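First comes the structure, then the notes that go with it.
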Amino acid sequence: MTSGFLRIAIVLGLVSAIGPFAIDMYLPALPTIGADLNAGPMAVQMSLVAVFLSFAVGPMVVGPLADMYGRKPVMYGGLIVFALASVGAALAPNVEWLIVFRLLQGLGSSTGMVVPRAVVRDLHTGPEAAKLMSLLMLVFSVSPILAPLTGSFIIEAFGWRAVFWTVTVAAVLAFFLLMFGLDETRPADRRIGSSFGAAWGGYRFLLRDRNFLGLSMIGGFAISSFFVYLANSSFVIIDHYGLTPTGYSVFFALNAISFFSVSQMSGWLTAKYGLNRVVRVAVFFFALVILSGWIVMALGLDSLWVLAATLFVGYGFLGLVIPTTSVLAMEDHGEIAGTAAALMGTLHMVTGVVAMTVSSLFANGDPLPMMTAIAICAALAFGLTLVTLKRGVQAEAPAAAE
């Protein structure tokens, strides 16, 4: 692994992690925010949903802009918007203003969802792309592993508003790392012909591509299981099982460690067995583990250990599903990589927001409604895999960049 390969992964991973870091750090503070701003649980949860709504809308604009003006300028703009919105969130006088600034935070950080994937596609395809994507996710993993625990310490010492001052500093750091650590990967001659009109044409083309849509939605339903967990886990783990915010942060970090550790195997596995086969096997075991845990809990075993084991193993397999489906979906769309990454990000986020919203209608603080929603997402991902990927078809891709 070259130093340049690692440097690119570090820069892109940190840019990608800014938005999730702002989510994960303040999860332990949700009850505190509600008490401080005199807001109910549903209103406080809306500050989380607002981020995902902007994640769903933002990529549709960010992707074309990244194709038209280059990758770095768009990432610069996103980091600036994110930093300003973070300052606003830190100063928010009520929950309504907090929701507004969280929406703007999500719009700014949506560049980190889309553009790094396009950069990966600019540089590599096939197993090399999967390797870079998994390495990027390893850097990205600092957010769900460390952010909740860091957030709980910051909240205890300085209050929940300090979380937003912290992510402001992180955005400034990412800005300078991007400036000095990454070259532009979409040169001016490749931007010719890129426009919003061309992007909409690209969206229409991609929406008719069953393979792209199928793979994107496999990843969308799979990652939605994690979004459901994000929205409900603090109430289940803290209120139902009685863990402290710090204990919840450790619980959250263990699942993230499983996810990102296993994701590092994706490059080696896809080089050995092919992307198609790895996706099929990973989704099968992800669904099998999640559904098995749900059945056990549905039969009446309300156990934190069962929940912990199910999510730890299940989200490990999820760590293989996300990078491989992303690479395979974009394999044939290098010329519109920004547009393809944007549409994929939007599909993921829309699916996640719908899953979070529907699950919230049945949430009561008990683990079974949360696990039911997670299991439904896993089952849908598995069913769509059977339809999209035929067992006899092997998707082999060149390891070299175009």
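The values are calculated or read from the model by the stated rules, or taken from the named source; none is laboratory data. Keep in mind the model is a prediction, meaning the values are calculated, not measured. Counting neighbours? That spans all protein chains shown, and the Cβs are built from the backbone with ideal geometry, glycine included.
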Here is a list: 389, 384. Which entry is crowded, with 20+ Cβ neighbours inside 10 Å and either touching a Lys or Arg at 6+ places or on another chain (Cβ under 8 Å) or small (Gly, Ala, Ser) (or both)?
389
Looking only at the stretch 333-342, and only at residues there that are over 26 Å from residue 281 (Cβ atoms) and crowded, with 24+ Cβ neighbours inside 10 Å, the one that is nearest to the chain's Cα centre (by Cα)
342
Residues that are aliphatic (A, V, I, L, M) and within 15 Å of the chain's Cα centre (by Cα), drawn from the stretch 306-332:
318, 320, 321, 322, 327
What is the number of the single condition among (1) touching a helix residue (DSSP H, G or I) at 6+ places or on another chain (Cβ under 9 Å); (2) surrounded by fewer than 18 Cβ atoms within 10 Å (Cβ to Cβ) that residue 35 does not meet?
(1)
Regarding the stretch 8-24, can at least one residue be identified that is surrounded by fewer than 20 Cβ atoms within 10 Å (Cβ to Cβ) and either touching a Phe, Trp or Tyr at 6+ places or on another chain (Cβ under 8 Å) or not small (Gly, Ala, Ser) (or both)?
yes
Of the residues 261, 225, which is out of contact with any Phe, Trp or Tyr (no Cβ under 6 Å at 6 or more places or on another chain), buried (at least 20 other Cβ atoms within 10 Å of the Cβ) and not in a loop (DSSP other than H, G, I, E, B)?
225
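Conditions (1) touching a strand residue (DSSP E or B) at 6+ places or on another chain (Cβ under 9 Å); (2) closer than 22 Å to residue 297 by Cβ; (3) aliphatic (A, V, I, L, M); (4) modelled with pLDDT of 90 or more, marked per residue:
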site: 189; (1), (2), (3), (4): no, no, no, no
site: 200; (1), (2), (3), (4): no, no, no, no
site: 218; (1), (2), (3), (4): no, no, yes, yes
site: 221; (1), (2), (3), (4): no, yes, no, yes
site: 225; (1), (2), (3), (4): no, yes, no, yes
site: 232; (1), (2), (3), (4): no, yes, no, no
site: 241; (1), (2), (3), (4): no, yes, no, yes
Log entry, pairs with first residue in the stretch 90-106 being within 17 Å of residue 151 (Cα to Cα) and modelled with pLDDT of 90 or more, second being part of a helix (DSSP H, G or I) and of a type in the set (D, E, K, R), beta carbons closer than 8 Å, six or more apart or on different chains, reads 90/161
State all residues of the stretch 12-60 that are closer than 18 Å to residue 162 by Cβ, part of a helix (DSSP H, G or I) and aromatic (Phe, Trp, Tyr); if no residue qualifies, say none.
21
For the subset of the stretch 361-381 comprising residues that are in contact with a Phe, Trp or Tyr (Cβ under 8 Å, 6 or more places away or on another chain) and assigned to a loop (DSSP other than H, G, I, E, B), which member is surrounded by the fewest Cβ atoms within 10 Å (Cβ to Cβ)?
365
Counting only residues that are within 20 Å of residue 72 (Cβ to Cβ), under 24 Å from the mean Cα position of the chain (by Cα) and not in a helix (DSSP H, G or I), how many does the stretch 188-222 have?
0
Regarding the stretch 60-78, can at least one residue be identified that is farther than 22 Å from residue 178 by Cβ and more than 20 Å from the chain's Cα centre (by Cα)?
no
In the stretch 175-187, what residues are at pLDDT below 90, surrounded by 14 or more Cβ atoms within 10 Å (Cβ to Cβ) and in a helix (DSSP H, G or I)?
177, 178, 181
Can you tell me which residue is farthest from residue 374 (Cα to Cα) among those in the stretch 289-312 that are in contact (Cβ under 8 Å) with a residue 60 or more places away in the chain and of a type in the set (Gly, Ala, Ser)?
298
Determine the pairs where a residue that is farther than 19 Å from residue 153 by Cα, located within the stretch 230-253, has a partner that is surrounded by fewer than 18 Cβ atoms within 10 Å (Cβ to Cβ) and aliphatic (A, V, I, L, M) with Cβ atoms under 6 Å apart, the partner being 6 or more residues away or on another chain.
241/304
Working carefully through the options 289, 278, 283, find the one that is hydrophobic (A, V, I, L, M, F, W, C), farther than 15 Å from residue 218 by Cβ and either assigned to a helix (DSSP H, G or I) or at pLDDT 90 or above (or both).
289
Residues of the stretch 235-245 being surrounded by fewer than 21 Cβ atoms within 10 Å (Cβ to Cβ) and assigned to a helix (DSSP H, G or I), which ones?
235, 238, 239, 240
Taking the stretch 46-102, which residues are farther than 18 Å from residue 200 by Cα, surrounded by 24 or more Cβ atoms within 10 Å (Cβ to Cβ) and either of a type in the set (D, E, K, R) or touching a strand residue (DSSP E or B) at 6+ places or on another chain (Cβ under 8 Å) (or both)?
71, 102
